[in-house]
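S.K.: Okay, here's the structure, questions in a sec.
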Amino acid sequence: MKRRDIIKHLSLLPFFGGIGGSMVPSLKTIAASGKSKRNLFKELGVRTFINARGTITFMTGSLMHDYVLETIKDHSGDFCMIDELQDKVGERIAAMTHAEAATVTSGAFAALTLGMAGILTGMDEKKVEQLPNLEAGGMKSEIILQKGHQIHYNHAFINCGAKLVYVETAEDVDKAVNEKTAAMHFLNCNALQGRIMQEEWVALARKHNLPATIDIAADVPPVSNLWAFNDMGYSVVAISGGKAIRGPQSAGLLMGKKDIIAAARLSSPPRGGTIGRGLKVNKEEILGMYVALERYVNQDHEKEWKEWEDRVAVIDNAVKSVSGVTTNVYVPPIANHTPTLKISWDVAKITLSGKDLLEALSKGNPSIEAYGGEKNSITVSPWMMKAGQEKIVAGRIKEELRKAFV
Ligand SMILES: *Cc1c(COP(=O)(O)O)cnc(C)c1O
């Protein structure tokens, strides 16, 4: 580049034109940035990193597919009625997931709140207004769950004013059910921590003539989980859009029985006097969620799985070459069900704690976020990496382990 050109390019970069000036970019700078892209992470001083951990909410979940981003961009220039869009998109989503009905929510948590709102109010608009004051509306108020299914996300139901009643056995369920019982909830990722599994739970609910709800927020893959619980007869199924499905992080799906979804919509935006008014999704999120799901359902899952295995193998082979290192490849049975690598080492040979290694990776360049961090081990999940990043991760972990080798 000629000097003249370099100066021209520099002047196009935000802030370079205004060194010593204000922190606020001028409109001229912003307009010019249309030509040369701004990097707001750099401008703001926000660290970005290679995600070797997974679909973690505080790490912004997952990366939306280009196709999702294009869809959002292509449709943000027109107005439409939110309800009409939800109706039409909901029908397509329901067909893809074997549900009677479906709607896009602002996440799995919102889907649980709205689904429960639908169960509690039915189509009674007075009750919708009264939520979360269940007593005033003479609504049911108790939700039965298994003790092993306690999780902070169950607060989604407390938002509806409901009380959580914990049980362990089928006999406990029989005893706990009373005229106040509204539903029976199942936390799929904790299935193995409870005594009653998914099929038996929904059968128990049927026996007591209660709706069964299920949280499967992070439970694809396998893709079949998108319909397995609708097929099983669950009345409400909630899943995140911004995890494996790679839709907007601020989106999710509420699937289930027609009457319950219709009732849930009464508590949903755009309606203002509702508990759900703050759980808004815009047209971009609704459409982004829809095409992300479409794409996810139709993608080659075997090929993707093989890519994840290959990435694990690259890291596995690199770190195993350091003496004293042992590895274990495993797949978590439910939730984040993807090839995962645990890297352990002999502390007599490598004087490094898992926590220290995580910190060194995080502070390194490029920054890498892995997890675990026990006395002599860390864990790496490669499914949220971009292609090729596994080589960087492999190199950095090996480098740090070697440095600590005595
Ligand atoms: C992530 C998660 C949620 C919340 O999902 P959002 O889509 O972020 O609202 C709820 N339950 C479980 C089990 C989760 O893993």
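The values are calculated or read from the model by the stated rules, or taken from the named source; none is laboratory data. What you see is a predicted model, and the numbers here were worked out from it, not measured in a lab. Quick reminder, even Gly has a Cβ in these numbers, built from the backbone with ideal geometry, and neighbours come from all protein chains shown.
S.K.: Go through the range 317-406 and tell me which strands (runs of 3 or more DSSP E), entirely inside it, have 1 or more residues that are touching a Pro at 6+ places or on another chain (Cβ under 7 Å) and polar (S, T, N, Q). Walk me through how you get there before you give the answer.
M.R.: Numbers: elements: 325-330, 340-345, 371-374, 377-380.
Filter on the range 317-406 gives 340-345.
S.K.: Name the residues in the range 98-142 that are β-branched (Val, Ile, Thr) and either surrounded by fewer than 24 Cβ atoms within 10 Å (Cβ to Cβ) or more than 30 Å from Gly61 (Cα to Cα) (or both), would you? Spell out how you get there, then give the answer.
M.R.: Here is the first cut: in the range 98-142, the residues β-branched (Val, Ile, Thr) are 103-105, 113, 119, 121, 128.
The answer is Thr121, Val128.
S.K.: Six or more apart or on different chains, Cβ under 7 Å: which pairs go from a residue in the range 95-123 that's away from the ligand (no atom under 16 Å from the Cβ) to one that's part of a helix (DSSP H, G or I) and at pLDDT below 95? Could you list them?
M.R.: none
S.K.: Out of all the residues in the range 47-60, which are over 18 Å from Asn365 (Cβ atoms) and crowded, with 24+ Cβ neighbours inside 10 Å?
M.R.: Gly54, Thr55
For (1) charged (D, E, K, R); (2) under 21 Å from Pro332 (Cβ atoms); (3) surrounded by fewer than 23 Cβ atoms within 10 Å (Cβ to Cβ); (4) modelled with pLDDT of 95 or more, each residue gets a yes or a no:
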{"position": "Asp356", "(1), (2), (3), (4)": "yes, no, yes, yes"}
{"position": "Ala360", "(1), (2), (3), (4)": "no, no, yes, yes"}
{"position": "Gly364", "(1), (2), (3), (4)": "no, no, yes, yes"}
{"position": "Ser367", "(1), (2), (3), (4)": "no, no, yes, yes"}
{"position": "Ala370", "(1), (2), (3), (4)": "no, yes, no, yes"}
{"position": "Val380", "(1), (2), (3), (4)": "no, yes, no, yes"}
{"position": "Lys386", "(1), (2), (3), (4)": "yes, no, yes, yes"}
{"position": "Ile392", "(1), (2), (3), (4)": "no, no, yes, yes"}
{"position": "Glu399", "(1), (2), (3), (4)": "yes, no, yes, yes"}
